[in-house]
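Asks: This is the structure, below, for whatever I ask next.
The values are calculated or read from the model by the stated rules, or taken from the named source; none is laboratory data. Computed from a prediction, not measured in an experiment: that's the story for all the values here. Backbone-built Cβ (ideal geometry, glycine too); neighbour counts: all protein chains shown. To get the accessible areas, we keep the full protein, side chains included, count just its heavy atoms, and leave off ligands, DNA and RNA. Shrake-Rupley method; radii C 1.70, N 1.55, O 1.52, S 1.80 Å.
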Amino acid sequence: MAALASTRSLVMRRPRAIFLNSARLDYDGTLDFGRLRDLTDLTLNNVDALTNDDDIANVVNNSMAEIVITKEMALPASAMMKFHPGLVRLVCEAGTGYNNIPTTLARSMGIDVANVPTYSTESVAHMVITYIMNFSAAMFHQARMLHDGDRSNFLVFKHPIYEITGKVLGLIGGSGTIGTAVIDVALPLGMEILISSRSGRLPRGHKYADHPRVRVVNLDELLMTSDYVSVNCPLNDQTRHSIGSREIRLMKPTAYLINTARGAIINEDELITCMKEGIIAGAGLDTQEYEPPRHDSELWELDNVFLTPHIGWRRIETRQRLVDMTADNIESYISGSIRNVVNK
């Protein structure tokens, strides 16, 4: 009987939680936070971001929250160190990347950090394919011409367009979940796939390890051979600014660079220089080092760079899935078997 009472008490526990920047996720007011409210005493801090250390610490401390939820918002070590001792026990990143959270410090403070690694897999993969299909038919260029009142393309077509079948898609970080989802779509389109790997092979058991149109090569070969290069690796100390002038200049002049991962993987200053020189045909950036890019960034002005405001994860179904999977993480924490912890 004592064990049963203990289990009931555990199930009924509703810790306090605060979503520090819920407007980043629910910017249109369409999402259902019902499961999170059932599990926790939830406060939605309806802003896109907090940027001041004291503001972050004060909001957390005043809420008396045991659980802090963020969405791609910087949670600096200097802010975390101002949390009341022992107050916060879990930080949930409502997303895949967690480079915005000082995970080592959190561990030293007894705080688990959990992410949601698979909520947007298909959505981001489809974003890569969307860029490829638009580039292949010069859709971005044509839309820009019409927007500017230029209808001359209907008289004399001015842009090269290509079939996708037979083209080579190079995936940097392509052995992961999102890269694999990109391959799922690209192979039926008839594309050839290259994946960069230092080991020279895919992980054991990878679904495409023996596929005749999927090859593992080194990064330089991938860059020199691909018609489209897609960045799908995580951002860390090894990958930050790992794609710069040297790498871009290895690419074919007809090739396109696509980034749906993290903006800082590409050295944007060096990318801008290369794009001004016309080293490659174009770049599609769904992520940028600063989101949005700074108002004076030349990325806004280059006619061979195409920007989207990090929309790979923004589809309404994707965002609702993220809310629900964040609730799954919190439910596992409350039950004592927390999952998706990234700082064990």
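Asks: Considering only the stretch 41-87, how many residues are assigned to a strand (DSSP E or B) and open to solvent by 40 Å² or more (accessible area, probe 1.4 Å)?
Replies: Total satisfying the criteria: 3.
Asks: Please verify whether D112 is out of contact with any Asp or Glu (no Cβ under 8 Å at 6 or more places or on another chain), on the phi < 0 side of the Ramachandran plot, crowded, with 21+ Cβ neighbours inside 10 Å and among the charged types (D, E, K, R), treating the condition exactly as stated.
Replies: yes
Asks: Given V47, V68, which one is modelled with pLDDT of 95 or more, closer than 18 Å to G336 by Cα and within 21 Å of the chain's Cα centre (by Cα)?
Replies: V68
Asks: Just wondering, is there one or more residues in the stretch 254-266 that are at pLDDT 95 or above and farther than 26 Å from K167 by Cβ?
Replies: Yes, because at least one residue in the stretch 254-266 is at pLDDT 95 or above and farther than 26 Å from K167 by Cβ.
Asks: Taking only the stretch 176-195 into account, find how many residues are farther than 16 Å from N259 by Cα and assigned to a loop (DSSP other than H, G, I, E, B).
Replies: 5
Asks: Could you count how many residues in the stretch 88-109 are open to solvent by 50 Å² or more (accessible area, probe 1.4 Å) and of a type in the set (A, V, I, L, M, F, W, C)?
Replies: Within the stretch 88-109, residues that are open to solvent by 50 Å² or more (accessible area, probe 1.4 Å) and of a type in the set (A, V, I, L, M, F, W, C) number 1.
Asks: Name the residues in the stretch 11-40 that are in a loop (DSSP other than H, G, I, E, B) and either within 23 Å of E317 (Cα to Cα) or of a type in the set (D, E) (or both), would you?
Replies: Across the stretch 11-40, the qualifying residues are L20, N21, D26, Y27, D28, G29, T30, L31, D32, F33, T40.
Asks: Please return the ranges of strands (runs of 3 or more DSSP E) entirely within the stretch 243-344 where 2 or more residues are touching a Phe, Trp or Tyr at 6+ places or on another chain (Cβ under 9 Å) and open to solvent by less than 10 Å² (accessible area, probe 1.4 Å).
Replies: 256-259, 282-285
Asks: Restricting to the stretch 141-177, what's the tally of residues that are within 29 Å of T118 (Cα to Cα), at pLDDT 95 or above and either surrounded by 15 or more Cβ atoms within 10 Å (Cβ to Cβ) or among the small types (G, A, S) (or both)?
Replies: Qualifying residue count for the region: 7.
Asks: Counting only residues that are touching a Ser or Thr at 6+ places or on another chain (Cβ under 9 Å) and open to solvent by less than 20 Å² (accessible area, probe 1.4 Å), which one in the stretch 218-232 is nearest to H126 (Cα to Cα)?
Replies: S230
Asks: Within the stretch 307-344, count every residue that is over 17 Å from N21 (Cα atoms) and either acidic (D, E) or touching a Gly at 6+ places or on another chain (Cβ under 6 Å) (or both).
Replies: Summing the residues that are over 17 Å from N21 (Cα atoms) and either acidic (D, E) or touching a Gly at 6+ places or on another chain (Cβ under 6 Å) (or both) in the stretch 307-344 gives 3.
Asks: When the residues of the stretch 203-217 are narrowed to those that are at pLDDT 90 or above and in contact with a Ser or Thr (Cβ under 8 Å, 6 or more places away or on another chain), which ends up most open to solvent (accessible area, probe 1.4 Å)?
Replies: Per the stated criteria, the residue is K207.
Asks: Confirm whether G95 is out of contact with any strand residue (DSSP E or B) (no Cβ under 8 Å at 6 or more places or on another chain), touching a residue at least 60 places away in the same chain (Cβ under 8 Å) and in a loop (DSSP other than H, G, I, E, B).
Replies: yes
Asks: What single numbered condition from (1) within 25 Å of Q320 (Cβ to Cβ); (2) crowded, with 17+ Cβ neighbours inside 10 Å fails to hold for G29?
Replies: Here G29 meets the rest and fails (2).
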